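Colleague: One structure, pasted below without further comment.
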Amino acid sequence: VVAVVGATGLVGQVLLSGLEQRGFPVGRLVPMAGPGSAGKKLTFAGQEYEIQAASPEGFHGVDLVFFAATGELSKRLAPAAVAAGAFVIDKSASWRMAPEVPLIVPEVNGAALRASDRLVASPNCTTTGLVMALEPLRRAAGLKRVHVTTLQAASGAGRFALEELGTQAAALGAGETPVAELWPEPLAGNVLPRCDELEPGGSSREERKLCQETRKILNLPNLELAATCTRVPVAVGHCASVWIETERDLDPAEARDLLQAFPGVEVAEDPTPASVAGRDEVQVGRIRRPLAGPGLQFWQVSDNLRKGAATNAIQIAEYRVRLDLSCN
Ligand SMILES: NC(=O)c1ccc[n+]([C@@H]2O[C@H](COP(=O)([O-])OP(=O)(O)OC[C@H]3O[C@@H](n4cnc5c(N)ncnc54)[C@H](OP(=O)(O)O)[C@@H]3O)[C@@H](O)[C@H]2O)c1
């Protein structure tokens, strides 16, 4: 019995289609969302289900819960789901940095998941793609420093953000002035130099999440990491321009081979959001030496709704099922 909290949202919808596509064993689905969606119907695996308003009582008899709603809701309801006996995978930022909660990208640190864990966090959509590209290089050569600039799609901020980009693009196309509601300035025809609020010191919350989560997943608490997270007028697909310095020198040809051999990573000529949208693979290209100075540069792209969110959460569930089977 599988519950999806946030079943009507961007991630929830991709999660439901991913469960179907991957043939995840769902005996009964319990779709949950906000009070405004309660009573509406959705179809999953050829069967119609009624959406429930998310509540602690709704977790009774549920084996697995995906939280893909708001951070506040995960904070409030995930403990209730665990108390009801469910295994919980949370997509929000609420539990990622809790020391007792594993933060998992199965290809990278699946081994950190224990059979006794009841609550597991899935990382930020930008972190997932980045660690997938860093891990094969770390395993071979060690990591000293990472500098990253992200170019993040509108859908990373949810369906209202995606709708706002569409409305603004239509206004621009009609020769009108686009109106900004979610962001301080219109996103259409623009690039915003930060994804969300700034914190004391001038970095944004998104940049802090990327830095802290990367360190936790790679188990490198002292990794030096400088990040700039930007928002670009693209519907789906986050990009990252990355510079790294490794412990042992790594040339581009070796890096290419390591990346290509890593499960879930594809080396591509010039990957773009359009080349990853709707796909689970993380694509890496432009692998090269800097023109001056040490290290290695590359360009990494992934679908923020799939590997950045829904697919990673399903892979955690699949990994957990395999763990249970191997313990029995
Ligand atoms: N978008 C991404 O690329 C991405 C990537 C990684 C992680 N995440 C995380 O995944 C989660 C979902 O993101 P999203 O982009 O799918 O957001 P979204 O498109 O805005 O969808 C939000 C979902 O949450 C539900 N919801 C809102 N308030 C609720 C409440 N009080 N009770 C129950 N359900 C409520 C909504 O239901 P209604 O339809 O009823 O309002 C909807 O199903 C967030 O925590 C986000 O940080 C997103």
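Colleague: Using +1 on the beta carbon of Lys and Arg, -1 on that of Asp and Glu, and nothing else charged, what's the dipole of the chain about the Cα centre, debye to 20? Each step should come with its number before you reach the end.
Modeller: Working: 32 positive and 37 negative charges, 104 e Å.
Computed about the Cα centre, the dipole is about 500 debye.
Colleague: Would you compute, from DSSP H runs of 4+ residues alone, the mean residue ellipticity of the chain at 222 nm, taking -39500 (n - 2.57) per run and dividing by the full residue count, rounded to the nearest 500? Write out the running numbers ahead of the final one.
Modeller: Numbers: 9 runs with 106 residues, N = 328.
-10000 deg cm²/dmol, from helical runs alone.
Colleague: Another question about this same structure. Let's see if you can work this out: charge +1 on each Lys and Arg Cβ, -1 on each Asp and Glu Cβ, no other charges. What is the dipole magnitude of region 96-240 about its Cα centre, in debye to the nearest 20?
Modeller: Details: 15 positive and 16 negative charges, 151 e Å.
My answer is approximately 720 debye.
Colleague: Follow-up question, since we're still on this one. First compute the accessible area of the chain with a 1.4 Å probe, then give the percent of it belonging to carbon and sulfur atoms.
Modeller: Numbers: 7480 of 14190 Å².
Of all accessible area on the chain, carbon and sulfur atoms account for 53 percent.
Colleague: I'd like the accessible area for Asp257, computed on protein heavy atoms only with a 1.4 Å probe and all protein chains in place. Round to 10 Å², please.
Modeller: Solvent-accessible area, nearest 10 Å²: 110 Å².
Colleague: For region 15-116, give me the percentage of DSSP beta bridges that are antiparallel, rounded to the nearest 5 percent.
Modeller: Numbers: 4 of 10 bridges.
For region 15-116, the DSSP antiparallel bridge percentage is about 40.
Colleague: Which cross-chain or sequence-distant (5 or more) residues have an amide H under 5 Å from the amide H of Phe44, H modelled 1.01 Å from N in plane?
Modeller: Amide H to amide H, under 5 Å and 5 or more residues apart or across chains, Phe44 pairs with Tyr49.
Colleague: Moving to a separate point now. Taking amide H atoms as placed 1.01 Å from N in the peptide plane, list the residues 5 or more away in sequence, or in a different chain, whose amide H sits under 5 Å from that of Leu119.
Modeller: Hits under the 5 Å cutoff: Val88.
Colleague: Can I ask one more? Filter Lys144/Lys216; Lys40/Lys91; Lys91/Lys216; Lys91/Lys307; Lys209/Lys307; Lys75/Lys209 down to the pairs with a C-alpha to C-alpha distance above 20 Å, please. Write down the numbers at each step before the final one.
Modeller: On the way: Lys144/Lys216 15 Å; Lys40/Lys91 23 Å; Lys91/Lys216 16 Å; Lys91/Lys307 12 Å; Lys209/Lys307 17 Å; Lys75/Lys209 17 Å.
Table pairs above 20 Å Cα-Cα are Lys40/Lys91.
Colleague: I would also like to ask the following. Within the set of other residues whose C-beta is less than 13 Å from the C-beta of Pro233, count the net charge using Lys and Arg as +1 and Asp and Glu as -1. Let's see the in-between values first.
Modeller: Working: positive: Arg231; negative: Glu164, Glu185.
With Lys, Arg at +1 and Asp, Glu at -1, the neighbours total -1.
Colleague: So if the hydrodynamic radius of region 115-241 is defined as the Kirkwood radius over C-alpha pairs, what does Stokes-Einstein give as its diffusion coefficient at 4 °C and 1.567 mPa s, in µm² per second?
Modeller: Numbers: Rh = 16.0 Å.
My calculation gives 81 µm²/s for D.
Colleague: A further question follows. Starting from the amide H of Met32, placed 1.01 Å from N in the peptide plane, find each other amide H under 5 Å away whose residue is 5 or more places distant or on another chain.
Modeller: Val4, Val5, Gly6, Ala7, Gln52
Colleague: Dipole size in debye (nearest 20) for region 168-248 around its Cα centre, Lys and Arg Cβ +1, Asp and Glu Cβ -1?
Modeller: Numbers: 8 positive and 12 negative charges, 50 e Å.
That gives a dipole near 240 debye.
Colleague: For a test of the definition: using alpha carbon positions, the gyration tensor, and the 1.5 limit on a/c, classify region 27-75 as rounded, prolate or oblate.
Modeller: It comes out oblate by the Cα gyration axes.
Colleague: Which value, in Å², gives the accessible area per residue of the chain when a 1.4 Å probe is used on the protein heavy atoms? Present the calculation step by step, with values, prior to reporting the outcome.
Modeller: Working: 14190 Å² over 328 residues.
Value returned for the chain: 43 Å² of accessible area per residue.
Colleague: Expressed in nm to one decimal, what extension gain is obtained for the pair Ser55 and Ala180 from 0.36 nm per residue of sequence separation less their Cα-Cα distance? Before the final figure, lay out each step's value.
Modeller: On the way: separation 125, 0.36 × 125 = 45.00 nm, distance 3.32 nm.
Full extension of this stretch gives 41.7 nm more.
Colleague: Of the peptides 174-183, 51-60, 33-42, how do they stack up when ordered by the mean number of other Cβ atoms within 10 Å, highest first? Walk me through the numbers on the way to the answer.
Modeller: Values: 174-183: 12.2, 51-60: 17.0, 33-42: 14.1.
So the order, starting with the most tightly packed, is 51-60, 33-42, 174-183.
Colleague: Would you mind classifying the chain by shape? Square roots of the alpha carbon gyration tensor eigenvalues, ordered a ≥ b ≥ c; an a/c under 1.5 is rounded, otherwise it is prolate if a/b is larger than b/c and oblate if not.
Modeller: Details: a/c = 1.79, a/b = 1.22, b/c = 1.47.
Cα axes put the chain in the oblate bin.
Colleague: Cut-off 10 angstrom, C-alpha nodes, Gaussian network model of the chain. Which of Leu130, Leu64, Leu291 fluctuates the most?
Modeller: Fluctuation is largest for Leu291.
Colleague: Can you tell me how region 181-328 classifies by the Cα gyration tensor, rounded, prolate or oblate, using a/c under 1.5 as the rounded cut?
Modeller: It is rounded, given that a/c, with a ≥ b ≥ c, falls under 1.5.
Colleague: Please state, as a whole number in µm²/s, the translational diffusion coefficient that the Stokes-Einstein equation yields for region 1-159 at 37 °C and 0.692 mPa s, with Rh defined as the Kirkwood radius across alpha carbon pairs. Walk me through the intermediate numbers first.
Modeller: Working: Rh = 16.8 Å.
Answer, rounded: 195 µm²/s.
Colleague: Name the residue from Val267, Ser74, Ser302 whose Cα lies farthest towards the positive end of the charge dipole of the chain, charges +1 on Cβ of Lys and Arg and -1 on Cβ of Asp and Glu.
Modeller: Working it through, the farthest residue towards the positive pole turns out to be Ser74.
Colleague: Right, here's the next one. Compute the distance in nm between two label points, each set 7 Å from the Cα along the Cα-to-Cβ direction, one at His147 and one at Phe160.
Modeller: For the pair His147/Phe160, the computed spacing is 3.7 nm.
Colleague: How far, in nm, would the chain grow between Val321 and Ala170 when pulled straight, counting 0.36 nm per residue and subtracting the alpha carbon separation?
Modeller: Numbers: separation 151, 0.36 × 151 = 54.36 nm, distance 4.52 nm.
Between Val321 and Ala170, full extension yields an extra 49.8 nm.
The values are calculated or read from the model by the stated rules, or taken from the named source; none is laboratory data. All values derive from a computational prediction rather than experimental measurement. Neighbour counts run over all protein chains shown; Cβ positions are idealised from the backbone, glycine included. The area values use the complete protein model at the heavy-atom level, side chains included, leaving out ligands, DNA and RNA. Shrake-Rupley method; radii C 1.70, N 1.55, O 1.52, S 1.80 Å.
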